[in-house]
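To start, the structure under review is shown below, and the notes come after it.
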Amino acid sequence: MTKIHHSAIVTHEIDESLRFWRDGIGLEISMDTSFDGDWPTLFGAPTEKLRSIFLNEPGDTDPEAGVVELVDFGPGLAANVVNETPQTGFFLLSLNVDFDATLARLAALGLGGEPRQISTHGIRMAVVRDPNGVLVELIEQRSSRPPA
């Protein structure tokens, strides 16, 4: 059986990325490790050292799926150019969240920018950006919707 294990984000500012994904979105660190490897061959990376931080949903019983990985190759990486128009290739990372609580945490931390929000088919959605420019779609969990 095939299932997605993790999505990786190369970060140029690891502490700010942790604030966004851990403190703002509400994920928990399940692994924080540095690795030596032939990353230049495998990824075209600038170094043979990387720091990998796995973040999971709190209380997740399957830490081997649905992981957001922050990858730090060290200083010297330029920030991503943020495109406002969809481009071919990676578009966004989409999460089911406690909608109001997540937006409130991000606002209190001054992270994510001004959320773009819509409601479709009775489900609220918002888009914010992580500190690396990654578009993050927040989808209201059905259990967090207010009663009609």
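Numerical summary
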| read-out | value |
| --- | --- |
| Test: residue in segment 61-68 that is under 13 Å from the mean Cα position of the chain (by Cα) and either outside any strand (DSSP E or B) or surrounded by fewer than 18 Cβ atoms within 10 Å (Cβ to Cβ) (or both) | yes |
| Complete set of residues in segment 91-118 that are farther than 15 Å from Gln141 by Cβ, touching a residue at least 24 places away in the same chain (Cβ under 8 Å) and assigned to a loop (DSSP other than H, G, I, E, B) | Phe91, Leu92, Leu111, Gly112 |
| Cross-chain or 6+ apart pairs with Cβ under 7 Å, segment 44-56 first and at negative phi, then acidic (Asp, Glu) and surrounded by 15 or more Cβ atoms within 10 Å (Cβ to Cβ) | Leu50/Asp72; Arg51/Asp72; Ser52/Glu69; Ile53/Glu69; Phe54/Glu69 |
| Residue in segment 98-112 that is β-branched (Val, Ile, Thr), at pLDDT 75 or above and not assigned by TED's automatic domain parsing to the domain that holds Pro40 present | yes |
| Members of segment 1-28 that are within 24 Å of Gly113 (Cβ to Cβ) and part of a strand (DSSP E or B) | Ser7, Ala8, Ile9, Val10, Glu28 |
| Residue under evaluation Ser143, criteria (1) more than 16 Å from Gly26 (Cβ to Cβ); (2) modelled with pLDDT under 95; (3) small (Gly, Ala, Ser), criterion not met | (1) |
| Single unsatisfied condition, Thr11 versus (1) within 14 Å of Arg129 (Cα to Cα); (2) exposed (fewer than 10 other Cβ atoms within 10 Å of the Cβ); (3) not assigned by TED's automatic domain parsing to the domain that holds Gly133 | (2) |
| Those residues of segment 39-83 which are within 15 Å of Ile14 (Cβ to Cβ), modelled with pLDDT under 90 and polar (S, T, N, Q), in sequence order | Thr47, Asn80 |
| Members of segment 29-51 that are in a loop (DSSP other than H, G, I, E, B) and touching a Pro at 6+ places or on another chain (Cβ under 8 Å) | Pro46, Thr47, Glu48 |
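The values are calculated or read from the model by the stated rules, or taken from the named source; none is laboratory data. Small disclaimer: the values here were computed from a predicted structure and weren't measured. Note that we place each Cβ from the backbone using ideal geometry, even for glycine, and neighbour counts take in every protein chain shown.
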